[in-house]
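Enquirer: So that we are looking at the same thing, I have put the structure below in structure tokens.
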């Protein structure tokens, strides 16, 4: 089924909008007639947070309606299978050290549907580093040693590589004084340690974190980086293992669809895709939701999974708290570009590259072998060097070729920065944001419960955090609805 | 509330059977009259697997009955709060790298109810190693280096410290040839590497694994150790972090009771404690369960969470498959002793000890500070050196004092090896068992679904594995019951 989202380019067809997706829902709605009220819960958004909440609530017997602006499930996380080969448009890797994701993979018995993304045994087995000193290839063990050294120095705020400062990543406040570090930007932190970094290490530390934040050195929170570092066991090896190693052989939409199907099988799920919400009015008795198409829906509770950067497009009545409103106004900083490329032959299957030389794409690696026996490369570029591939395919190809020489057969991408329902990629905070606003963002507002990976406690910004949040919202709503019936 | 389980000793009261437990359920049953049939599901056992299955099934609206032989929830995992201080009778530590446990801790918002168990900053900060060469104290960093070196050599079957042999611990078969290692006992593996081990390392490698298996060098599977090693990120540091670091400040029964309370709040849960099951008869139409008290219960489905070593006490009709029956006959090897001790003063708060000199207790460490400002020490001893503290308190005190000198004020323990509903501690396999029987143990039998940490895929033997299994059973039963109603 073809989603209207994402772009595909090859030489014969040129640029085409829309990609196949097994998470495209057809027909777009299962509503019958004017069946728009009487819902126990209305879930705004069908990303992982919304899917999890809707699944848990329908399993518990509650009449639940999903309203989604897109034509597919998954939100900022989805995959497109092209010629049976999956390209991950946003979100890719999962791990058994991501507890909420793993609980679901285990529950759906999908653990044998994962495969290893990086590979160091096929083709030319090397890494390319490009800095202002030029471009050079190196062995992967040399690359690993450089990245490890750079990241350790970056994280070493406590003579223990962050282990003392943030021992418990699922409880950031466990060492209260660490919150002081949230005032630092990446730029601030680099200034603190630049005396100890080689030019290669400086380039790597900067580009690695920007390929994490999708922001600039000035608007990237060092504290948020430290959180990612702690989540991955305070090590570069853990980072690789937990964040960029295992992915779904059939694409992650094969995972997301399980939640949707399970909810549907309860007979309690109504849904309407292609239906953008414009306002949410809580009368205290029930909640009225208006959509851009002019439809009105009513329910007792709302789970709002709209991303932080999009919340400003929705009118809430009564108005949100000043702190929530302020956090929404500030938003997050991630304007990452993610571009997939099919490159002729298998030379680059084991390649990786990092470019710190003002190239719009800064980080890339071989991610798989396509059905045509070519290399699939995935590349990232932060906002500082922002790329809009759909406007300039040639610039995109040049940005890829600046990483290393390649013969590009195909491009696949989704421009998250310009996506009206995302207005950015995964959440990444600016300095001071988390310690100031996280608790407010997590709070409910009357009968409206907010659930999004953007304000998860653990794997914030990840699929895992979205499931964490959907789980939380569903449980809190169940508790509240159950009290009402007693 | 006082459970009849566990033992307490101090000088004034002597040995007393029975300990307070917040998981003791009173009254023992909520059955009204002869309400013994018509259940959608009957769950045998109220450990974490049974609690999870019952919670998920009642949340999904199914009439569920729990039958439990004990007077409390938790099975082989429970805590006793004595003077507000928790002693963990079986199962203690949890981690965010245990995905099923963490999903629940996160869901119940208990992440700020954890505290750190080991401590290296109070009292005499040292470790005591006792071998046939005598007893000596050493700094913790020396102890850590010795254990790390010993375990690395032990795990190094692949020149990669086990990372290549078992990269994916939640999918043991990911590298198929690794299953060959399941023929090795600990004794076999130690013979392979003894040329490279110092006497200290040999003593540590052996006692560490036996304090994991509760067995003997001959009946302990090396492959099962490798699985634990892989689960903890192929490192000693990971082992400490994920297996013996964070515990519930209020005792783990404060966690288990949440599952029970949530199930109860649905209004769909019936339960009868003090009710040992003797037979399960599946007519194909429904299932009849007989208990030792002469009661008969009926339901459409059964979740059997009875531990492997106890399954032989229950009669199944039709009989279980030959492979399941054979696995039950073999059982697992863990006959671990676990003893808590309150030792006068704080000298030992940061102490740890390992004794490889035929002492019935081989491994111990300071685990907390009691309300009387004494040290709480937890000690373990494998079956080879088996201890029965309730029969000989003085031998138990000597075994503790052989670890290091201490002034014992109190003992608290549960003898799992002699517990009729456990017949051993946590699961640990003998050589060849997992590769031969795991799949059979996981299979259902007509309308009977087997769920126990003993045959979990991931954190087998842990609370996490029990939740994994309860989750699996509940989902499979929901799928089956839903198909019937369509």
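Enquirer: Based on DSSP, what percent of beta bridges with both residues in chain A are antiparallel, to the nearest 5?
Expert: 70 percent
Enquirer: Within a 10 angstrom radius of the beta carbon, how do B:266, B:212, A:296 rank from fewest other beta carbons to most?
Expert: Details: B:266 21, B:212 24, A:296 12.
Least crowded to most crowded, the residues run A:296, B:266, B:212.
Enquirer: Here is a further query. For residue A:12 paired with residue B:187, estimate the spin-label separation in nm (one decimal), with each label point 7 Å from Cα along the Cα-to-Cβ line.
Expert: 6.7 nm
Enquirer: What do you get when you divide the Cα radius of gyration of chain B by 2.2 N^0.38 Å, with N the number of residues? Walk me through the numbers on the way to the answer.
Expert: Numbers: Rg = 22.1 Å, N = 486, 2.2 N^0.38 = 23.1 Å.
Scaled against compact globular proteins, the figure is 0.96.
Enquirer: What nm value, rounded to one decimal, do you get for the distance between residue A:398 and residue B:196 when each label is placed 7 Å out toward the C-beta?
Expert: 5.4 nm
Enquirer: Calculate for chain B the 222 nm mean residue ellipticity that helices alone would give, adding -39,500 (n - 2.57) per DSSP H run of length 4 or more and normalising by residue count, nearest 500 deg cm²/dmol.
Expert: -9000 deg cm²/dmol
Enquirer: Between 0 and 90 degrees, rounded to the nearest ten: what's the tilt of helix B:48-59 against the longest Cα principal axis of chain B?
Expert: 40 degrees
Enquirer: Still on this model: With everything on Cα atoms, drop me the angle between helix B:222-231 and the longest principal axis of chain B, reported from 0 to 90° to the nearest 10.
Expert: Its long axis makes an angle of about 90 degrees.
Enquirer: Within 10 Å of each residue's Cβ, count the other Cβ atoms and sort A:437, B:449, B:108 from fewest upward.
Expert: By the 10 Å Cβ count, ascending: B:108, A:437, B:449.
Enquirer: Follow-up question, since we're still on this one. Considering the Cα trace of the stretch A:263-355, what is its radius of gyration and what is Dmax, both in angstroms?
Expert: 20.5, 63
Enquirer: When you look at the Cβ of every residue in B:167-174, what mean number of other chain Cβ atoms sits within 10 Å?
Expert: The mean count of partner-chain Cβ atoms within 10 Å per residue comes to 4.
Enquirer: If each label sits 7 angstrom from Cα along the C-beta direction, how far apart, in nm, is residue A:249 from its counterparts in the other copies?
Expert: From this label point to the equivalent ones elsewhere in the assembly: 4.6 nm.
Enquirer: To continue, here is another question. Averaging the inverse of every distinct alpha carbon separation and then flipping it gives the Kirkwood radius. What is it for the stretch A:171-326, in angstrom units?
Expert: It works out to 20.1 Å.
Enquirer: Here's something else I'd like to know. Provide B:63, B:72, B:482 in ascending order of the number of other Cβ atoms located within 10 Å of each residue's Cβ, fewest first.
Expert: B:482, B:63, B:72
Enquirer: Counting just the Cα atoms, what span does the stretch A:30-75 cover along each of its three principal axes? Round to the nearest Å and put the largest first.
Expert: If we take the Cα atoms of the stretch A:30-75, the spans are 26, 24, 13 Å.
Enquirer: Shortest first and in nm to one decimal, what separations exist between residue B:11 and its copies in the other chains, measuring from label points 7 Å along the Cα-to-beta-carbon line?
Expert: Sorted ascending, the copy-to-copy spacings read 9.1 nm.
Enquirer: Once the Cα atoms of helix A:199-213 and of chain A are each reduced to a long axis, what angle between those two axes, in degrees from 0 to 90 to the nearest 10, is obtained?
Expert: 20 degrees
Enquirer: How many nm separate the modelled label positions at residue B:313 and residue A:388, each set 7 Å beyond the Cα in the direction of the Cβ?
Expert: 7.2 nm
Enquirer: Can you work out the FRET efficiency for the pair residue A:358 and residue A:109, with r the C-beta to C-beta distance and R0 = 35 Å, to the nearest 0.05? It would help to have the intermediate numbers written out before the result.
Expert: On the way: r = 47 Å, r/R0 = 1.34.
FRET efficiency, residue A:358 to residue A:109: 0.15.
Enquirer: Let me ask another. Partner chain Cβ atoms within 10 Å, averaged over the residues of B:94-105 - can you pull that number for me?
Expert: Average neighbour count from other chains, rounded to a whole number: 6.
Enquirer: If the label point is 7 Å along Cα→Cβ of residue B:116, which residues in the stretch A:155-189 have backbone nitrogen under 16 Å from it?
Expert: Once the point is set 7 Å along Cα→Cβ of residue B:116, A:157-179 turn out to lie under 16 Å by backbone N, inside the stretch A:155-189.
Enquirer: Taking a label point 7 Å from Cα toward Cβ, how far is residue B:125 from its twins in the other copies, in nm, shortest first?
Expert: When each copy's label point is compared with this one, the spacings are 4.3 nm.
Enquirer: Give me a single rounded figure for A:457-466: the average over its residues of other chain Cβ atoms within 10 Å of their Cβ.
Expert: 1
Enquirer: Between the stretch B:257-320 and the stretch A:302-374, how many Å separate their Cα centres?
Expert: About 50 Å separates the Cα centre of the stretch B:257-320 from the one of the stretch A:302-374.
Computed from the coordinates by the stated procedures, all read-outs in this text should not be read as laboratory data. What you see is a predicted model; the values in this text were computed from it and never measured. When we count neighbours, we look across all protein chains shown, and the Cβ atoms used for this are built from the backbone with ideal geometry, even at glycine.
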